[in-house]
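Enquirer: What follows is a structure written as structure tokens; I'll ask about it next.
The values are calculated or read from the model by the stated rules, or taken from the named source; none is laboratory data. Predicted model only: the values in this text are computed from it and were never measured. Cβ atoms come from the backbone with ideal geometry, glycine included; neighbour counts cover every protein chain shown.
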């Protein structure tokens, strides 16, 4: 039986998440700030202000919330029931959705993983092999890294791949990536562009 008050238990410890953050602090998709290409479109999308049509944000991976106090003045937090959204059946209880309140001036060293990985996404082939692909997410902005096919730094690609190999050891995260990968294969409109 599932209880909505439960928090999913990740097998990834806080210290492991800290080490992952430290590793990813050392790399970036480009040598410079890629936000200068698009006026930080991914950070500035949506908003609290009048006339905002939507709220852009991201879900934290299971256990990633351990790195935050949930009182950060630069983040807006909400806890959602996993059963109410398209998450794997193994996900139950609360998942955390966050949105930056001070774009693009968040503390870079505390950016959530989904921000750090972009524009790459993990993809598991039918045989279960991990690949990194350009994000196929349908977003309300244009990312020049994807649309203009700007080459990404090798150090960023390799670090991202290493991190995903570790993250996929967690059954909950693996279930999510497997589910997303199946959906990508089903959608004939998505062109899978393998980067690594």
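Enquirer: Identify all residues within the stretch 67-98 that are surrounded by fewer than 14 Cβ atoms within 10 Å (Cβ to Cβ), in a helix (DSSP H, G or I) and either without any contact (Cβ under 8 Å) to a residue 40 or more places away in the chain or touching a helix residue (DSSP H, G or I) at 6+ places or on another chain (Cβ under 9 Å) (or both); write none if there are none.
Expert: 84
Enquirer: Return the residues of the stretch 1-51 that are more than 29 Å from residue 148 (Cβ to Cβ), in a loop (DSSP other than H, G, I, E, B) and modelled with pLDDT of 90 or more; say none if nothing qualifies.
Expert: If the condition is that a residue be more than 29 Å from residue 148 (Cβ to Cβ), in a loop (DSSP other than H, G, I, E, B) and modelled with pLDDT of 90 or more, then 10, 11, 12, 13 are the ones that fit.
Enquirer: Follow-up. Of all residues in the stretch 149-181, which are in contact with a helix residue (DSSP H, G or I) (Cβ under 8 Å, 6 or more places away or on another chain) and either on the phi > 0 side of the Ramachandran plot or part of a loop (DSSP other than H, G, I, E, B) (or both)?
Expert: Matches in the stretch 149-181: 150, 152, 168.
Enquirer: Let me ask something else. Take residue 120 and decide whether it is surrounded by 14 or more Cβ atoms within 10 Å (Cβ to Cβ), at pLDDT 90 or above and under 15 Å from residue 40 (Cβ atoms).
Expert: Taking the combined requirement at face value, the residue does not satisfy it.
Enquirer: Taking the criterion of being closer than 20 Å to residue 85 by Cβ and more than 16 Å from the chain's Cα centre (by Cα), would at least one residue in the stretch 142-162 satisfy it?
Expert: Checking the stretch 142-162: not a single residue is closer than 20 Å to residue 85 by Cβ and more than 16 Å from the chain's Cα centre (by Cα).
Enquirer: Limited to the stretch 59-75, what total is found for residues that are within 16 Å of the chain's Cα centre (by Cα) and farther than 19 Å from residue 12 by Cα?
Expert: 1
Enquirer: Before we move on, is residue 104 modelled with pLDDT under 95, outside any helix (DSSP H, G or I) and either surrounded by fewer than 17 Cβ atoms within 10 Å (Cβ to Cβ) or in contact with a helix residue (DSSP H, G or I) (Cβ under 7 Å, 6 or more places away or on another chain) (or both)? Talk me through it step by step, then tell me what you get.
Expert: Working: modelled with pLDDT under 95: yes; outside any helix (DSSP H, G or I): yes; either surrounded by fewer than 17 Cβ atoms within 10 Å (Cβ to Cβ) or in contact with a helix residue (DSSP H, G or I) (Cβ under 7 Å, 6 or more places away or on another chain) (or both): yes.
It is true that residue 104 is modelled with pLDDT under 95, outside any helix (DSSP H, G or I) and either surrounded by fewer than 17 Cβ atoms within 10 Å (Cβ to Cβ) or in contact with a helix residue (DSSP H, G or I) (Cβ under 7 Å, 6 or more places away or on another chain) (or both).
Enquirer: Name, by its number, the condition in (1) within 19 Å of residue 187 (Cα to Cα); (2) surrounded by fewer than 20 Cβ atoms within 10 Å (Cβ to Cβ) that does not hold for residue 142.
Expert: Condition (1) is where residue 142 drops out.
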